[in-house]
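What follows is one structure encoded as C-alpha coordinates, with my remarks underneath.
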Amino acid sequence: MFEFDADDIAQRSSTGTLPTKTQVDELVAAAHARYATLEEGVVADYIPILAEADPAWFGLSVVGVDGTAHEAGDTGIAFSIQSISKAFVFALVCDELGHTVVHEAVGVNNTGLPFNSVVAVELNDGSPMNPMVNAGAIATTALLPAGHADERWQRIRDGLSRFAGRQLALDGEVYRSESFTNHRNQALARLLQSYDRLAIDPVEAVDLYTRQCSLAVTAHDLAVMGSTLADGGVNPVTGERVISPESARDTLALLASCGMYERSGEWLFEIGLPAKSGVSGGIVAISPGKGAVGAFSPRLDPAGNSIRGQRACAYLSRALGLNLFASDPQPLVSPSALAHEGVRS
Ligand code: GLN
(Lines give C-alpha, C1' and ligand atoms only; values in the text may rest on other atoms or scores of the structure.)
Protein backbone atom coordinates (compact mmCIF):
# COMPACT_ATOMS: atom_id res chain seq x y z
CA MET A 1 0.00 0.00 0.00
CA PHE A 2 1.35 3.45 -0.91
CA GLU A 3 1.63 5.83 2.07
CA PHE A 4 0.11 9.15 0.92
CA ASP A 5 0.98 10.85 4.23
CA ALA A 6 -1.72 13.54 4.26
CA ASP A 7 -4.17 12.04 6.78
CA ASP A 8 -3.65 14.96 9.15
CA ILE A 9 -4.78 17.50 6.53
CA ALA A 10 -8.46 18.41 6.90
CA GLN A 11 -10.56 17.61 3.84
CA ARG A 12 -12.19 20.75 2.49
CA SER A 13 -15.33 19.91 0.47
CA SER A 14 -15.22 20.14 -3.32
CA THR A 15 -18.28 22.39 -3.50
CA GLY A 16 -17.69 25.85 -5.02
CA THR A 17 -14.43 27.34 -6.21
CA LEU A 18 -10.74 27.31 -5.25
CA PRO A 19 -9.84 29.23 -2.05
CA THR A 20 -8.49 32.80 -2.44
CA LYS A 21 -5.26 33.43 -4.37
CA THR A 22 -3.28 34.06 -1.19
CA GLN A 23 -4.57 30.87 0.41
CA VAL A 24 -3.76 28.74 -2.65
CA ASP A 25 -0.27 30.32 -2.87
CA GLU A 26 0.36 29.52 0.80
CA LEU A 27 -0.92 25.95 0.54
CA VAL A 28 1.14 25.19 -2.57
CA ALA A 29 4.23 26.52 -0.77
CA ALA A 30 3.35 24.46 2.33
CA ALA A 31 2.89 21.26 0.30
CA HIS A 32 6.24 21.86 -1.39
CA ALA A 33 8.04 22.48 1.89
CA ARG A 34 6.48 19.44 3.52
CA TYR A 35 7.66 16.91 0.93
CA ALA A 36 10.83 18.58 -0.44
CA THR A 37 13.14 16.65 1.89
CA LEU A 38 11.56 13.25 1.23
CA GLU A 39 14.12 10.94 -0.32
CA GLU A 40 12.20 7.73 -0.91
CA GLY A 41 11.99 6.11 -4.32
CA VAL A 42 14.30 5.75 -7.30
CA VAL A 43 14.82 7.66 -10.53
CA ALA A 44 13.82 5.65 -13.64
CA ASP A 45 16.76 4.25 -15.60
CA TYR A 46 15.25 1.81 -18.09
CA ILE A 47 15.38 4.74 -20.55
CA PRO A 48 19.10 5.50 -19.97
CA ILE A 49 18.94 9.30 -20.25
CA LEU A 50 16.27 9.54 -17.52
CA ALA A 51 18.83 8.29 -14.97
CA GLU A 52 20.65 11.63 -15.32
CA ALA A 53 17.78 13.54 -13.67
CA ASP A 54 18.61 15.27 -10.37
CA PRO A 55 16.59 13.43 -7.69
CA ALA A 56 16.29 16.70 -5.75
CA TRP A 57 14.19 18.45 -8.42
CA PHE A 58 10.71 19.24 -7.15
CA GLY A 59 8.24 21.63 -8.74
CA LEU A 60 4.60 22.21 -7.88
CA SER A 61 2.17 24.33 -9.87
CA VAL A 62 -1.58 24.87 -9.58
CA VAL A 63 -3.35 26.67 -12.42
CA GLY A 64 -6.97 27.62 -11.85
CA VAL A 65 -9.63 27.76 -14.58
CA ASP A 66 -9.26 31.57 -14.40
CA GLY A 67 -5.68 31.10 -15.63
CA THR A 68 -4.03 32.14 -12.34
CA ALA A 69 -0.83 30.20 -11.52
CA HIS A 70 0.35 29.33 -8.00
CA GLU A 71 3.85 27.87 -7.93
CA ALA A 72 6.61 26.56 -5.68
CA GLY A 73 10.04 25.06 -6.40
CA ASP A 74 11.36 23.90 -9.75
CA THR A 75 8.34 24.70 -11.92
CA GLY A 76 10.47 25.91 -14.84
CA ILE A 77 12.68 22.82 -15.25
CA ALA A 78 11.97 20.99 -18.49
CA PHE A 79 11.58 17.20 -18.54
CA SER A 80 10.11 14.74 -21.04
CA ILE A 81 6.36 14.40 -20.67
CA GLN A 82 6.48 10.57 -21.08
CA SER A 83 3.20 8.80 -20.31
CA ILE A 84 1.36 12.03 -19.53
CA SER A 85 1.29 12.56 -23.30
CA LYS A 86 -1.12 9.59 -23.48
CA ALA A 87 -3.89 11.63 -21.86
CA PHE A 88 -3.61 14.52 -24.29
CA VAL A 89 -3.15 12.44 -27.43
CA PHE A 90 -6.21 10.44 -26.39
CA ALA A 91 -8.11 13.75 -25.95
CA LEU A 92 -7.18 14.81 -29.50
CA VAL A 93 -8.09 11.44 -31.03
CA CYS A 94 -11.35 11.26 -29.10
CA ASP A 95 -12.19 14.77 -30.24
CA GLU A 96 -11.54 13.80 -33.84
CA LEU A 97 -13.13 10.35 -33.99
CA GLY A 98 -15.67 10.43 -31.16
CA HIS A 99 -16.42 8.58 -27.98
CA THR A 100 -17.72 5.36 -29.56
CA VAL A 101 -14.82 4.78 -31.97
CA VAL A 102 -12.14 5.07 -29.30
CA HIS A 103 -14.19 2.99 -26.88
CA GLU A 104 -14.48 0.17 -29.40
CA ALA A 105 -10.99 0.40 -30.89
CA VAL A 106 -8.95 0.74 -27.70
CA GLY A 107 -11.17 0.24 -24.62
CA VAL A 108 -11.73 2.04 -21.33
CA ASN A 109 -11.11 -0.51 -18.59
CA ASN A 110 -8.08 -0.78 -16.31
CA THR A 111 -5.76 -3.73 -16.92
CA GLY A 112 -4.77 -4.06 -13.26
CA LEU A 113 -1.25 -4.68 -14.59
CA PRO A 114 1.86 -2.52 -15.12
CA PHE A 115 1.89 0.08 -17.89
CA ASN A 116 4.12 -1.91 -20.24
CA SER A 117 2.49 -5.31 -19.71
CA VAL A 118 2.47 -7.77 -22.61
CA VAL A 119 0.45 -10.27 -20.58
CA ALA A 120 -2.44 -7.76 -20.34
CA VAL A 121 -2.83 -7.83 -24.14
CA GLU A 122 -2.67 -11.62 -24.26
CA LEU A 123 -5.17 -12.04 -21.43
CA ASN A 124 -7.68 -9.85 -23.24
CA ASP A 125 -7.73 -11.42 -26.72
CA GLY A 126 -5.45 -8.78 -28.18
CA SER A 127 -7.32 -5.76 -26.82
CA PRO A 128 -4.97 -2.98 -25.68
CA MET A 129 -7.63 -2.35 -22.97
CA ASN A 130 -7.23 1.41 -22.46
CA PRO A 131 -5.28 4.38 -23.90
CA MET A 132 -3.25 4.99 -20.71
CA VAL A 133 -1.09 1.85 -20.88
CA ASN A 134 1.63 1.59 -23.52
CA ALA A 135 -0.21 -0.85 -25.81
CA GLY A 136 -3.36 1.29 -25.75
CA ALA A 137 -1.42 4.52 -26.21
CA ILE A 138 0.40 3.15 -29.27
CA ALA A 139 -2.97 2.01 -30.69
CA THR A 140 -4.49 5.44 -29.95
CA THR A 141 -1.65 7.37 -31.59
CA ALA A 142 -2.08 5.17 -34.66
CA LEU A 143 -5.74 6.21 -34.91
CA LEU A 144 -5.05 9.93 -35.38
CA PRO A 145 -6.15 10.71 -38.93
CA ALA A 146 -3.29 11.96 -41.15
CA GLY A 147 -1.97 11.39 -44.68
CA HIS A 148 1.56 10.43 -43.60
CA ALA A 149 3.85 10.09 -40.56
CA ASP A 150 5.16 13.70 -40.63
CA GLU A 151 1.65 15.10 -40.71
CA ARG A 152 0.59 12.82 -37.85
CA TRP A 153 3.56 14.01 -35.79
CA GLN A 154 2.82 17.69 -36.53
CA ARG A 155 -0.77 17.17 -35.43
CA ILE A 156 0.34 15.56 -32.15
CA ARG A 157 2.93 18.23 -31.38
CA ASP A 158 0.64 21.11 -32.32
CA GLY A 159 -2.25 19.60 -30.38
CA LEU A 160 -0.22 19.13 -27.18
CA SER A 161 1.21 22.63 -27.65
CA ARG A 162 -2.32 24.09 -27.74
CA PHE A 163 -3.03 22.38 -24.41
CA ALA A 164 0.16 23.94 -22.99
CA GLY A 165 -0.43 27.35 -24.59
CA ARG A 166 3.08 27.44 -26.06
CA GLN A 167 5.01 25.56 -28.74
CA LEU A 168 6.46 22.41 -27.17
CA ALA A 169 9.83 21.11 -28.40
CA LEU A 170 11.08 17.56 -28.79
CA ASP A 171 13.92 16.62 -26.43
CA GLY A 172 16.20 14.96 -28.99
CA GLU A 173 18.38 13.25 -26.39
CA VAL A 174 15.39 11.57 -24.75
CA TYR A 175 13.96 10.60 -28.13
CA ARG A 176 17.23 8.96 -29.20
CA SER A 177 17.81 7.27 -25.84
CA GLU A 178 14.31 5.78 -25.82
CA SER A 179 14.41 4.85 -29.52
CA PHE A 180 17.51 2.70 -28.91
CA THR A 181 15.98 0.89 -25.95
CA ASN A 182 12.23 0.62 -26.59
CA HIS A 183 12.24 -3.03 -27.64
CA ARG A 184 9.32 -3.80 -25.39
CA ASN A 185 7.13 -1.15 -26.98
CA GLN A 186 8.09 -2.49 -30.41
CA ALA A 187 7.06 -5.95 -29.23
CA LEU A 188 3.73 -4.57 -27.98
CA ALA A 189 3.08 -2.91 -31.34
CA ARG A 190 3.88 -6.13 -33.23
CA LEU A 191 1.60 -8.05 -30.89
CA LEU A 192 -1.24 -5.59 -31.57
CA GLN A 193 -0.55 -5.91 -35.29
CA SER A 194 -0.85 -9.71 -35.02
CA TYR A 195 -4.34 -9.22 -33.56
CA ASP A 196 -5.20 -6.70 -36.29
CA ARG A 197 -5.48 -3.98 -33.66
CA LEU A 198 -3.10 -1.38 -35.08
CA ALA A 199 -4.30 1.12 -37.69
CA ILE A 200 -0.81 1.91 -39.09
CA ASP A 201 2.60 0.27 -39.50
CA PRO A 202 4.00 -0.78 -36.07
CA VAL A 203 7.42 0.84 -36.64
CA GLU A 204 5.77 4.18 -37.44
CA ALA A 205 3.35 3.86 -34.52
CA VAL A 206 6.15 3.24 -31.98
CA ASP A 207 8.27 6.04 -33.43
CA LEU A 208 5.40 8.52 -33.09
CA TYR A 209 4.62 7.31 -29.59
CA THR A 210 8.32 7.69 -28.63
CA ARG A 211 8.33 11.22 -30.03
CA GLN A 212 5.19 12.23 -28.14
CA CYS A 213 6.76 10.88 -24.91
CA SER A 214 9.90 12.98 -25.61
CA LEU A 215 8.15 16.36 -25.74
CA ALA A 216 9.69 18.64 -23.12
CA VAL A 217 7.35 20.26 -20.57
CA THR A 218 7.57 21.90 -17.13
CA ALA A 219 5.39 21.42 -14.04
CA HIS A 220 3.76 24.73 -14.98
CA ASP A 221 2.96 23.40 -18.48
CA LEU A 222 1.36 20.30 -16.96
CA ALA A 223 -0.88 22.47 -14.76
CA VAL A 224 -1.99 24.56 -17.77
CA MET A 225 -2.60 21.42 -19.84
CA GLY A 226 -4.62 19.86 -17.02
CA SER A 227 -6.52 23.06 -16.42
CA THR A 228 -7.61 22.98 -20.07
CA LEU A 229 -9.28 19.64 -19.32
CA ALA A 230 -10.75 21.14 -16.13
CA ASP A 231 -12.17 24.04 -18.14
CA GLY A 232 -14.27 22.05 -20.62
CA GLY A 233 -11.49 21.92 -23.22
CA VAL A 234 -10.64 25.66 -23.28
CA ASN A 235 -7.08 26.69 -22.37
CA PRO A 236 -7.64 29.14 -19.48
CA VAL A 237 -4.46 31.08 -20.28
CA THR A 238 -4.79 31.53 -24.06
CA GLY A 239 -8.60 31.31 -24.20
CA GLU A 240 -8.33 28.88 -27.13
CA ARG A 241 -10.77 25.98 -27.39
CA VAL A 242 -8.56 22.91 -27.83
CA ILE A 243 -11.18 20.12 -27.67
CA SER A 244 -14.94 19.87 -27.04
CA PRO A 245 -16.37 19.68 -23.51
CA GLU A 246 -17.44 16.10 -24.27
CA SER A 247 -13.89 15.04 -25.17
CA ALA A 248 -12.56 16.74 -22.01
CA ARG A 249 -15.15 14.82 -19.99
CA ASP A 250 -14.26 11.49 -21.65
CA THR A 251 -10.54 12.05 -21.07
CA LEU A 252 -11.09 12.79 -17.39
CA ALA A 253 -13.23 9.67 -16.97
CA LEU A 254 -10.39 7.57 -18.42
CA LEU A 255 -7.82 9.26 -16.21
CA ALA A 256 -9.95 8.45 -13.17
CA SER A 257 -10.09 4.75 -14.01
CA CYS A 258 -6.69 4.19 -15.67
CA GLY A 259 -4.40 7.24 -15.29
CA MET A 260 -2.31 5.90 -12.40
CA TYR A 261 -2.03 2.39 -13.90
CA GLU A 262 -2.66 -0.47 -11.48
CA ARG A 263 -2.71 2.07 -8.61
CA SER A 264 -5.67 4.00 -10.04
CA GLY A 265 -8.18 2.66 -7.50
CA GLU A 266 -5.95 3.44 -4.56
CA TRP A 267 -5.26 6.92 -5.96
CA LEU A 268 -8.97 7.65 -6.46
CA PHE A 269 -9.75 6.37 -2.96
CA GLU A 270 -7.15 8.65 -1.36
CA ILE A 271 -7.12 11.67 -3.65
CA GLY A 272 -10.38 11.58 -5.59
CA LEU A 273 -9.12 13.16 -8.82
CA PRO A 274 -8.49 12.10 -12.42
CA ALA A 275 -4.71 12.12 -12.92
CA LYS A 276 -1.86 10.92 -15.10
CA SER A 277 1.75 10.20 -14.26
CA GLY A 278 4.91 9.65 -16.28
CA VAL A 279 8.23 7.89 -15.57
CA SER A 280 10.27 11.09 -15.73
CA GLY A 281 8.47 12.16 -12.53
CA GLY A 282 5.57 14.30 -13.72
CA ILE A 283 1.98 14.09 -12.48
CA VAL A 284 -1.03 16.08 -13.59
CA ALA A 285 -4.16 15.91 -11.41
CA ILE A 286 -7.34 17.62 -12.56
CA SER A 287 -10.22 19.06 -10.57
CA PRO A 288 -13.05 19.61 -13.09
CA GLY A 289 -14.34 23.18 -13.01
CA LYS A 290 -11.57 24.34 -10.68
CA GLY A 291 -8.09 23.77 -12.15
CA ALA A 292 -5.17 21.36 -12.11
CA VAL A 293 -2.03 20.47 -10.22
CA GLY A 294 1.22 19.92 -12.15
CA ALA A 295 3.91 18.18 -10.09
CA PHE A 296 7.42 17.13 -10.99
CA SER A 297 9.94 15.14 -8.97
CA PRO A 298 11.90 12.23 -10.43
CA ARG A 299 11.97 9.70 -7.56
CA LEU A 300 9.36 7.03 -8.31
CA ASP A 301 7.47 4.27 -6.52
CA PRO A 302 7.51 0.73 -8.00
CA ALA A 303 4.47 1.48 -10.22
CA GLY A 304 6.38 4.37 -11.85
CA ASN A 305 4.62 7.28 -10.10
CA SER A 306 6.52 10.22 -8.52
CA ILE A 307 6.55 9.84 -4.74
CA ARG A 308 6.74 13.53 -3.83
CA GLY A 309 4.26 14.29 -6.59
CA GLN A 310 1.71 11.83 -5.23
CA ARG A 311 2.05 13.13 -1.69
CA ALA A 312 1.79 16.76 -2.76
CA CYS A 313 -1.37 15.93 -4.73
CA ALA A 314 -2.85 14.18 -1.69
CA TYR A 315 -2.10 17.25 0.43
CA LEU A 316 -3.54 19.70 -2.09
CA SER A 317 -6.60 17.57 -2.79
CA ARG A 318 -7.51 17.86 0.87
CA ALA A 319 -6.34 21.39 1.61
CA LEU A 320 -7.77 22.99 -1.55
CA GLY A 321 -10.99 20.94 -1.60
CA LEU A 322 -10.26 19.26 -4.93
CA ASN A 323 -11.50 15.71 -4.18
CA LEU A 324 -14.51 15.10 -6.45
CA PHE A 325 -16.24 12.96 -3.88
CA ALA A 326 -16.08 15.33 -0.88
CA SER A 327 -19.40 17.16 -0.66
CA ASP A 328 -21.04 19.31 2.03
CA PRO A 329 -24.70 18.63 2.88
CA GLN A 330 -27.07 21.40 1.79
CA PRO A 331 -28.73 23.13 4.79
CA LEU A 332 -32.18 21.64 5.44
CA VAL A 333 -35.04 23.93 4.45
CA SER A 334 -38.04 23.51 6.80
CA PRO A 335 -41.57 23.13 5.32
CA SER A 336 -42.69 26.30 7.19
CA ALA A 337 -39.87 28.33 5.58
CA LEU A 338 -40.95 27.04 2.17
CA ALA A 339 -44.59 27.96 2.90
CA HIS A 340 -43.40 31.43 3.92
CA GLU A 341 -41.74 31.71 0.48
CA GLY A 342 -45.08 30.81 -1.12
CA VAL A 343 -43.98 27.29 -2.10
CA ARG A 344 -46.71 24.61 -1.77
CA SER A 345 -45.84 20.96 -1.45
N1 GLN B 1 7.91 6.35 -22.87
C2 GLN B 1 7.73 5.54 -21.71
C3 GLN B 1 7.56 4.08 -22.09
O4 GLN B 1 7.01 3.82 -23.12
C5 GLN B 1 6.52 6.04 -20.97
C6 GLN B 1 6.19 5.21 -19.77
C7 GLN B 1 5.66 6.01 -18.62
O8 GLN B 1 5.86 7.21 -18.51
N9 GLN B 1 5.05 5.31 -17.69
O10 GLN B 1 7.98 3.21 -21.39
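The values are calculated or read from the model by the stated rules, or taken from the named source; none is laboratory data. Predicted model, so just to flag it, every value in this text is computed and none were measured. FYI the Cβ positions are ideal-geometry reconstructions off the backbone, even for glycines, and counts take in every protein chain you see. Just so you know, the surface numbers come from the protein's heavy atoms only, side chains and all, with ligands and any DNA or RNA stripped out. Shrake-Rupley method; radii C 1.70, N 1.55, O 1.52, S 1.80 Å.
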Original post:
Between the stretch 62-131 and the stretch 292-345, how many Å separate their Cα centres?
Top reply: 23
Original post:
Remind me, relative contact order of the stretch 6-163 in percent, using alpha carbon pairs under 8 angstrom and six or more residues apart?
Top reply: 16
**OP:** Estimate the FRET efficiency between GLN23 and SER244 by the formula 1/(1 + (r/R0)^6), using the beta-carbon distance for r and 25 Å for R0, to the nearest 0.05.
**Re:** 0.15
**OP:** Please state the charge dipole magnitude for the stretch 212-328, taken about the Cα centre, from unit charges on C-beta atoms (+1 on K and R, -1 on D and E), reported in debye and rounded to the nearest 20.
**Re:** 260
Original post:
Can you give the accessible area per residue of the chain, in Å², using a 1.4 Å probe?
Top reply: 41
Subject >> 0 to 90° range, to nearest 10: angle between helix 307-319 axis and the chain longest Cα axis >> reply: 20
**OP:** Using only Cα atoms, figure out Rg for the stretch 69-196 and give it as a multiple of 2.2 N^0.38 Å.
**Re:** 1.12
**OP:** May I ask you to list the lysines whose Cα is less than 27 Å away from that of LYS86, ignoring any residue fewer than eight positions away on the same chain?
**Re:** LYS276, LYS290
**OP:** Determine the dipole magnitude for the chain: charges of +1 sit on the beta-carbon of Lys and Arg, -1 on that of Asp and Glu, nothing else is charged, the reference point is the Cα centre, and the result goes in debye to the nearest 20.
**Re:** 460
Original post:
Between LEU38 and GLU173, 0.36 nm times their residue separation minus their Cα-Cα distance comes to what?
Top reply: 45.8 nm
**OP:** For HIS103 and VAL333, calculate 0.36 nm times their separation in residues minus their Cα-Cα distance, and state this gained length in nm to one decimal.
**Re:** 78.5 nm
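Could you give the dipole magnitude of the stretch 104-198 about its Cα centre, charging the beta-carbon of Lys and Arg +1 and that of Asp and Glu -1, in debye to the nearest 20?
Around 200 debye, computed over the stretch 104-198.
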Original post:
Can you tell which of HIS103, HIS183, HIS70 shows the greatest fluctuation in a Gaussian network model of the chain with Cα springs below 10 Å?
Top reply: HIS183
Original post:
Roughly speaking, what is the stretch gain from VAL203 to SER13, that is 0.36 nm per residue apart minus the C-alpha to C-alpha distance, in nm to one decimal?
Top reply: 63.6 nm
Original post:
Taking R0 as 51 Å, what's the FRET efficiency between ASP66 and ASP150 from their Cβ-Cβ distance, rounded to 0.05?
Top reply: 0.85
Original post:
What angle do you read, to the nearest 10 degrees and between 0 and 90, between the alpha-carbon axis of helix 84-97 and the longest principal axis of the chain?
Top reply: 90
Original post:
Can you give the accessible area of LYS86, probe radius 1.4 Å, in Å² rounded to 10?
Top reply: 0
Subject >> Distance (nanometres) between label positions extended 7 Å along Cα→Cβ at TYR46 and GLN193 >> reply: 2.2
Subject >> GNM result for the chain, Cα springs below 10 Å: residue of ALA149, ALA135, ALA230 fluctuating most strongly >> reply: ALA149
Original post:
So how tilted is helix 219-230 from the main axis of the chain? Cα-based, degrees 0 to 90, rounded to 10.
Top reply: 70
**OP:** Just reorder ARG190, ARG197, ARG311 by solvent-accessible area, largest first, 1.4 Å probe, all chains present.
**Re:** ARG190, ARG197, ARG311
Original post:
Picking from SER80, VAL42, VAL62, whose Cα lies most toward the positive end of the charge dipole for the stretch 42-97 (charges on Cβ: Lys, Arg +1; Asp, Glu -1)?
Top reply: VAL42
Subject >> Which of ALA292, THR218, ALA205, positive extreme of dipole for the chain (C-beta unit charges) >> reply: ALA292
Original post:
If you average over every viewing direction, what projected area does the convex hull of the Cα atoms of the stretch 130-224 give, in nm²?
Top reply: 6.2
Subject >> Hydrodynamic radius (Kirkwood) for the stretch 198-325, which is based on Cα pairs only, to one decimal in Å >> reply: 15.1
**OP:** Quote the accessible area belonging to MET129 in square angstrom, nearest 10, computed with a 1.4 Å probe and with ligands, DNA and RNA left uncounted.
**Re:** 30
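What are the GluC sites (Glu not before Pro) within the stretch 246-345 that DSSP puts in a loop, where the Cβ has at most 10 other Cβ atoms within 10 Å?
Answer in residue order: GLU341.
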**OP:** Hey, could you get me the Stokes-Einstein D for the chain, Kirkwood radius over alpha-carbon pairs, 20 °C and 1.002 mPa s, rounded to whole µm² s⁻¹?
**Re:** 106
